[in-house]
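First up is the structure itself, then whatever we jot down about it.
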Amino acid sequence: MGLQPLEFSDCYLDSPWFRERIRAHEAELERTNKFIKELIKDGKNLIAATKNLSAAQRKFAHSLRDFKFEFIGDAETDDERCIDASLREFSNFLKNLEEQREIMALSVTETLIKPLEKFRKEQLGAVKEEKKKFDKETEKNYSLIDKHLNLSAKKKDSHLQEADLQVEQNRQHFYELSLEYVCKLQEIQERKKFEFVEPMLSFFQGMFTFYHQGHELAKDFNHYKMELQINIQNTRNRFEGTRSEVEELMNKIRQNPKDHKRASQFTEEGYLYVQEKRPAPFGSSWVKHYCMYRKAAKKFNMIPFEHRSGGKLGDGEVFFLKDCTKRHTDSIDRRFCFDIEAADRPGVSLTMQAFSEEERKQWLEALGGKEALFHSFNRAILPRPEGSINDQGLYRVVGVSSKVQRLLSMLMDVKTCSELDLENSIDWEVKTITSALKQYLRSLPEPLMTYELHGDFIVPAKSGSPESRVNAIHFLVHKLPEKNKEMLDILVKHLTNVSNHSKQNLMTVANLGVVFGPTLMRPQEETVAAIMDLKFQNIVVEILIENHEKIFRTSPDTTFPEPICLSASPPNAPPRQSKRQGQRTKRPVAVYNLCLELEDGDNPNLPKEDTPTGSQDSLSSPSPTSATVHGPPGPERNHLLSDGGSCGEWTSTTPSQTRPSMVQWLNPQSPTTPSSNPAITPPSPRTSTFPLSPAATIVDKPPESVVSRKARAVYPCEAEHSSELSFEIGAIFEDVQASREPGWLEGTLDGKRGLIPQNYVKLL
């Protein structure tokens, strides 16, 4: 049961029960006062804890912002760049979140603490003062009544009447005070219901606002989070592929370390102990040096280096070699020694000690000693798994090795090649056929995309905008030897078909890039640095698959800049932006940073039909000792690369009755005879859709008229000027054309026309 109401009529009687009800009201107010006091204390502790949490979160965000991943190699993939930038994105997210938390902490003071303190001081404090007056008047009133009743009746009437009047006035005053106190008690009991709860509501509203802002930040962050998950998965997949390659290279080097010596500018290099002679009482000492020798210049460098002293590097010496002599053990009490004389130090001879007899032989050979050392190198063959059009794990499932080798042997034999029917035969599983194709491509003396252009293909995969990458790969493909290009066309067309069935076979473009990157491209020298570039080989293959029609069915622009070596770096994909993150960086100017050295005979101003396409015999003469597949050397192996079913060398005619080869299995619609595509006249600059690369926008004036296209936004953008368009991810632009301002396009969105950053959109 709640508090009983205080009736004003009871103030006159002032009964014991009336007094009990007053004490109950007073006790409730005292309990309320203590509760509010504790609540204010807890609220201040909450604010302090919130500030401490915010400080810890900001410190955590600051640590995330300051850390940067180091990568192996000379460039990062787009996925790695996004992962590297993710820590700054996380830091910005926490920073924005803590800004909202600080606003909430300030609001707690203004909306909760101060109103409660005011209510406790002004309302509950006023009641306390009223209680003191009421208790004082009660004591005075009843004391006066006791004194008045003790007056003798024998007093004069005038004296008694005066006393009666005084008592009555005092009782009236006490009655009025009692009425005011009762009114105040009941008023404060009712007032506390809203004056106490209303600040609490404001406090929770502030909390709801904070969590709502956090929800909005999370919504803004969601798209970036999903993209980052894809970046992480792609990087993980590339890591798995790279790790297997690194482990395989490590095992090969472990078995034959001398066969995998890195190419170097030095004829010989390594550690040698050099004898340093001292005065007679002290004898001599042997100091380890790292020595390097160039045979052409006869220049010898040696630098003292001791691993056990923390890798301290000493001052190096350089001299020119005059002579080298092997030391026998009968002339020195040490093994593996030899003497060298310096041409620029007459009469000075240095005694050096190798780590082993084998290493001494290598040094003697390099320095002109009498013993020669011959190296043998074996080309490693790395079979890669393959698959089928609708089978899951296409081009990842490995065929049985013996069956694969048997099929290769039959294909390499002119007599058995014509008997094979790869399309209709049930004897050959799809995984066997694809594994044979993969192993054949890996066994070529030179990769399909050639050693010569390997580095050129890698460069655009490491930098530039997506459009500039495609343009560069397009240009380089047409520099391949004709046979290589035709075979690559057939293979990539097939892989495009495979990727179109990725819902069934799970082989997306990225997965095919992982499988075929090391198959179609490989460096001339196997090193860890080269393996780190595998991810960029995968990107090149992805570009080929995604842009097959453009790359192989159209000619590259003859106005493609030959050697472009601009100092400015090409812009990366713009960072994710939020409306709370302020303005974006300055206007992007896309610069194509690719250095291509064309062959001496190449002339970008020639008509397309006159442009050289490279050597015609790159694939027609593989070395019989380079590939491990069995079969006759020479042209007979090239039946796999022909466009028809002939098992012989490249020719414009084939037997009328032959069974389809592996290439026909890849490309069933290909004709039985190879045919060269007629030269395609390159589009006029006045009718081209866009300049081949953003560099063309910088060097040349934009075309006077262009064919309009559509584009889709891949990043959000907030306009900084009235001439620019604001848009969200996924926005579709109409009538997109090149702009006269470098790095920008013009387009229409929702009926408004304006400028669009070129590297924020993807042309459709």
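The values are calculated or read from the model by the stated rules, or taken from the named source; none is laboratory data. Just so it is clear, the structure is predicted and the values come from calculations on it, not from any experiment. Note: ideal-geometry Cβ built from the backbone for every residue, glycine included; neighbour counts use all protein chains shown. Each accessible area value is taken on the protein alone, full model and side chains, heavy atoms only, with ligands, DNA and RNA left out. Shrake-Rupley method; radii C 1.70, N 1.55, O 1.52, S 1.80 Å.
Please give the per residue accessible area of segment 268-367, computed with a probe of 1.4 Å over protein heavy atoms only, in Å². Could you put the intermediate results ahead of the total?
On the way: 5830 Å² over 100 residues.
Averaged over the residues of segment 268-367, the accessible area is 58 Å².
How much of the accessible area of segment 13-225, in percent, comes from carbon and sulfur atoms when a 1.4 Å probe is used?
Numbers: 7690 of 13530 Å².
Roughly 57 percent of what the probe reaches on segment 13-225 is carbon or sulfur.
Going highest first, how would you order 324-330, 496-502 by mean Cβ packing within 10 Å? List each step's numbers first, then the result.
Working: 324-330: 13.6, 496-502: 17.3.
By packing density, highest mean first, the sequence is 496-502, 324-330.
Tally up the carbon and sulfur contribution to the accessible surface of segment 492-544 as a whole percent, 1.4 Å probe, everything protein left in place. The partial results should precede the final answer.
On the way: 920 of 1680 Å².
Result for segment 492-544: 55 percent of the exposed heavy-atom area is carbon or sulfur.
What number comes out for accessible area per residue over segment 444-553 if the probe is 1.4 Å? Units Å², please. Working shown, then result.
Values: 3170 Å² over 110 residues.
Ligands and nucleic acids excluded, the figure is 29 Å² per residue.
Of the listed peptides 7-13, 219-225, 753-759, what is their order by residue-averaged count of other C-beta atoms within 10 Å, with the highest listed first? Working shown, then result.
Values: 7-13: 13.3, 219-225: 15.1, 753-759: 21.3.
Ranked by mean Cβ neighbours within 10 Å, highest first: 753-759, 219-225, 7-13.
Pairs to check: LYS133/LYS154; LYS44/LYS128; LYS132/LYS154; LYS121/LYS147. Give those whose C-alpha atoms are more than 28 Å from each other in this structure. Intermediate results must be reported in sequence, preceding the final value.
Values: LYS133/LYS154 35 Å; LYS44/LYS128 25 Å; LYS132/LYS154 38 Å; LYS121/LYS147 38 Å.
From LYS133/LYS154; LYS44/LYS128; LYS132/LYS154; LYS121/LYS147, over 28 Å: LYS133/LYS154; LYS132/LYS154; LYS121/LYS147.
With just the Cα atoms defining each centre, how far is segment 484-526 from segment 32-49? Give it in Å.
One Cα centre to the other: 67 Å.
Contour minus end-to-end for GLU240 and SER158, with contour as 0.36 nm per residue of separation and end-to-end as the Cα-Cα distance? Intermediate results must be reported in sequence, preceding the final value.
Values: separation 82, 0.36 × 82 = 29.52 nm, distance 11.72 nm.
Between GLU240 and SER158, full extension yields an extra 17.8 nm.
Apply the Karplus curve 6.51 cos²θ - 1.76 cosθ + 1.60, θ = phi - 60°, to the phi angles in segment 193-206 and return the couplings in whole Hz, x for Gly and Pro.
Each residue's phi maps through the Karplus curve to give 5, 10, 6, 8, 6, 4, x, 5, 5, 5, 4, 5, 5, x Hz.
Taking loop as defined by DSSP and a crowding limit of 16 other beta carbons within 10 Å, which trypsin sites (Lys or Arg not before Pro) in segment 111-161 fit? All intermediate terms of the calculation are to be shown ahead of the outcome.
Numbers: sites: LYS118, ARG120, LYS121, LYS128, LYS131, LYS132, LYS133, LYS136, LYS140, LYS147, LYS154, LYS155, LYS156; in loops: LYS154, LYS155, LYS156.
Hits after loop and neighbour filter: LYS154, LYS155, LYS156.
Could you tell me the center-to-center distance, by alpha carbons, between segment 394-442 and segment 156-210 in angstrom?
103
I'd like the FRET efficiency for TYR451 and ILE230, computed as 1/(1 + (r/R0)^6) with the beta carbon distance as r and R0 of 41 Å, rounded to 0.05.
On the way: r = 33 Å, r/R0 = 0.80.
Efficiency for this residue pair is about 0.80.
Order the peptides 735-747, 96-108 from the highest to the lowest mean number of other Cβ atoms within 10 Å of their residues.
On the way: 735-747: 18.9, 96-108: 17.4.
Order by mean packing, descending: 735-747, 96-108.
Per residue, how much accessible area does segment 13-225 have with a 1.4 Å probe, in Å²? Walk me through the numbers on the way to the answer.
Numbers: 13530 Å² over 213 residues.
Computed with neighbouring chains in place, this is 64 Å² per residue.
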